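One structure is given here, and the rest of the page talks about it.
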Amino acid sequence: MKRASTLFLAALMVCLLAVPAYAASFYPISVEEYTYGPLDELRIDKVYQLSRSDDPKDIPTGDFDRGGYHYVLLDVVKTDQSETDAKDYTEIVTLETDTKDMAVIIQQLELSMEVTTEDGYTGTLMPDYPGITVEAKGYKTSSRTVTATRAYPNLSDADTSLIPRTIQDGGRTLTLADVQWEEAGGFYNAAATYSGTASSKYATGYIATVEYKGEVTRTSCDTVLYTATFASHGETHFENSPQPTQAPAGTEAPDSAGMNWAVLVIPAALLLGLAGFGGWKLVNYIKDKKRGYVK
């Protein structure tokens, strides 16, 4: 009993493993039949449209029969449907620096820039060195004391009223700050010191403005066409075999992916039943039948 059950279970497994796998495939968007060459070889082109994320290995390329002829695959040709649009693009970059020396500023710039625009263009931009501009970020004022001396010889008296109270020096007005007197031959020589405040404005930093320029592109289509070409290798013959029937109008052909699994389940259940309850008797009956004991 155990051996018979094992035999029937093995047979069941063979049946189940023999069932073909139904993988997802694509359907052609067009089918063209034509003749080729001096011998008018029958050919069929099937065109499939896939996205870039689809795997072309799922395109059906197996042999098939059509109109009484057997067709085999010759080739599959890929046609990229993508369309590329290009345009000039400029990206403005500002750089803060503590110098206005152009040579130093250029060394601080990136040699190139990868960009992706809001509308989907991508590309590599390069800096426009001749167009670089540098401006002061801001200014501050500093003050310092400046001095100047003047000599006034041969004065009649050591009297500061004889000395000018202010002088002009380098465009600045300086005020008398000190006088040194020296008598010589009945006269007085004065050495006057004048002082004042000088102010200057200086930049607190610089801002360099650089234009990165270049061409950017965008792909506007994301589909690929595959053309599978099949050639006829002669007529097929269906002698002594039923011709394939066509589904009546208004009905749909059964989907292979949605096959009726009851066709497999019911025989499997019957096999299991035989294996569990009558398998051994059935084996003995077959043996007796072969030996001629049973008619």
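Residues that are of a type in the set (Asp, Glu) and either closer than 14 Å to Thr147 by Cβ or surrounded by 13 or more Cβ atoms within 10 Å (Cβ to Cβ) (or both) within region 157-201 comprise Asp169, Asp178, listed in sequence order.
Look at (1) closer than 30 Å to Ala203 by Cβ; (2) open to solvent by less than 90 Å² (accessible area, probe 1.4 Å); (3) among the aromatic types (Phe, Trp, Tyr) and you find that Tyr139 fails only one, number (2). Please specify each residue of region 124-136 satisfying the condition of being open to solvent by 80 Å² or more (accessible area, probe 1.4 Å) and among the hydroxyl-bearing types (Ser, Thr, Tyr). Tyr129, the sole residue that qualifies. Of the residues making up region 34-54, those that are in contact (Cβ under 8 Å) with a residue 12 or more places away in the chain and either closer than 16 Å to Phe64 by Cα or more than 25 Å from the chain's Cα centre (by Cα) (or both) number 9. Whenever a residue of region 197-221 is modelled with pLDDT under 90, its partners that are open to solvent by less than 60 Å² (accessible area, probe 1.4 Å) and not in a strand (DSSP E or B), lying with C-beta atoms within less than 9 angstrom and at least six residues away or across chains, give the pairs Thr219/Ser82; Thr219/Gly120; Ser220/Ser82; Ser220/Gly120; Cys221/Ser82.
From the list Tyr152, Tyr121, the lone residue that is open to solvent by less than 70 Å² (accessible area, probe 1.4 Å), at pLDDT 90 or above and closer than 30 Å to Asp88 by Cβ is Tyr121.
Given the structure, is Val72 in contact (Cβ under 8 Å) with a residue 12 or more places away in the chain, open to solvent by less than 60 Å² (accessible area, probe 1.4 Å) and within 28 Å of the chain's Cα centre (by Cα)?
Numbers: in contact (Cβ under 8 Å) with a residue 12 or more places away in the chain: yes; open to solvent by less than 60 Å² (accessible area, probe 1.4 Å): yes; within 28 Å of the chain's Cα centre (by Cα): no.
No, not satisfied.
The values are calculated or read from the model by the stated rules, or taken from the named source; none is laboratory data. Quick caveat, the model's predicted, so the values are computed rather than measured. Glycine gets a Cβ as well: all are built from the backbone with ideal geometry, and neighbour counts include every protein chain shown. Surface accessibility is based on the protein's heavy atoms, side chains included, excluding ligands, DNA and RNA. Shrake-Rupley method; radii C 1.70, N 1.55, O 1.52, S 1.80 Å.
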